[in-house]
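Below is one structure, written out as structure tokens; comments come after it.
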Amino acid sequence: MTLLAGKRALIFGVANDHSIAWGIARAMHEHGAELAFSYASPMLERRVRPLAESVGSDFVELCDVTDDQQIEAVFAKASDQFKRLDILVHAIAFANREDLEGSFYTTSREGFRIAMDVSVYSFVALSRAAQGLMPEGGSILTLTYYGGQKVVANYNVMGVAKAALESATRYLAADLGPKGIRVNAISAGPVRTLSAAGVRGFKSMYREFAEIAPLRRQISAEDIGGAAVWLASDLARSVTGEVLFVDSGYNILGVPSIDATNRT
Ligand code: NAP
């Protein structure tokens, strides 16, 4: 199947082969998209470049999304090499480790600022840069989590950042809709990645997830890739400003409980 044949995607957020962004990249590659990658820090290049090469991409550019000049440089390079873009994937988040445990009210002003800058403002900045390369429309995607809608232990400042990210998705969708650019968020169930390892209690939450979620199965980066392909494809041409849950149905439960869901 080639739902994305002829489309060009710029993907931010591959740290290694466990990254959700990498699951999305592989799915988009299988569907015929031409891919370009941006990574966060010089240390990551040795991991990201071979992954990019394995899907036929030689566009691998450094970009710390807190730096406007680096953002400008990546999009200038994309403009030179590709002329236009059809898809932008934003799979980036960060909060200080001490802000991902204990009580939310202990979050420092600086910790709050960092989480919002890296995890939310970057989406606004990358979307602004990408829209200039999407004269015939396009699809912009970000990654969010249920902790932005309901309280999840230890997720704390990142939950508040995800709430802002989901709101930003709607505002960007309203701004860019008239240009034929769609903006959507995928709310993923737990996936074992580097970022997830930074949230205290993730392991036990991950273990219980498949016992509680209606579909009784874990989420894989491939599952998220499938949803991303659909959202980026013309099949989703009338879908914008949405938060699509890819979570085995976990979010529909009012009172999640292993006992209650195992009763037959
Ligand atoms: P990941 O593999 O660690 O990816 C996160 C990426 O964000 C990394 O490549 C990281 O680079 C990058 N990043 C952090 N700060 C950056 C900066 N200043 N500039 C550029 N990039 C930066 O983890 P992931 O789980 O796939 O996360 C991808 C997205 O999915 C995040 O938005 C996350 O919140 C979301 N999500 C994850 C889950 C889950 O359970 N894993 C569930 C729902 C949503 P470094 O490694 O250098 O920091």
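The values are calculated or read from the model by the stated rules, or taken from the named source; none is laboratory data. Remember, it's a predicted structure, so these values are computed and weren't measured experimentally. Here the Cβ positions follow ideal geometry from the backbone for every residue, glycine too, while neighbour counts run over all protein chains shown.
Worth pointing out:
- Failed condition for THR264, given (1) polar (S, T, N, Q); (2) surrounded by 20 or more Cβ atoms within 10 Å (Cβ to Cβ); (3) modelled with pLDDT under 95; (4) outside any helix (DSSP H, G or I): (2)
Residue-by-condition table, conditions (1) under 23 Å from PHE104 (Cα atoms); (2) at pLDDT below 95; (3) among the small types (Gly, Ala, Ser); (4) in contact with a helix residue (DSSP H, G or I) (Cβ under 6 Å, 6 or more places away or on another chain):
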| site | (1), (2), (3), (4) |
| --- | --- |
| ASN156 | yes, no, no, yes |
| LYS162 | yes, no, no, yes |
| SER167 | yes, no, yes, no |
| ARG170 | no, no, no, no |
| GLY177 | no, no, yes, no |
| ASN184 | no, no, no, yes |
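- Test: residue in region 50-60 that is closer than 24 Å to VAL120 by Cα and either more than 19 Å from the chain's Cα centre (by Cα) or surrounded by fewer than 20 Cβ atoms within 10 Å (Cβ to Cβ) (or both): yes
- Residue satisfying all of: in region 118-155; away from the ligand (no atom under 13 Å from the Cβ), free of Cβ contacts under 8 Å to residues at least 60 places away in the same chain and part of a helix (DSSP H, G or I); surrounded by the most Cβ atoms within 10 Å (Cβ to Cβ) among these: SER127
- Odd one out for ALA5, checked against (1) in a loop (DSSP other than H, G, I, E, B); (2) within 18 Å of GLY138 (Cβ to Cβ); (3) of a type in the set (Gly, Ala, Ser); (4) touching a residue at least 40 places away in the same chain (Cβ under 8 Å): (4)
- Residue within region 179-201 that is free of Cβ contacts under 8 Å to residues at least 12 places away in the same chain and within 16 Å of the ligand (Cβ to nearest atom) present: yes
- Some residue of region 214-224 being at pLDDT 95 or above, within 11 Å of the ligand (Cβ to nearest atom) and assigned to a helix (DSSP H, G or I): yes
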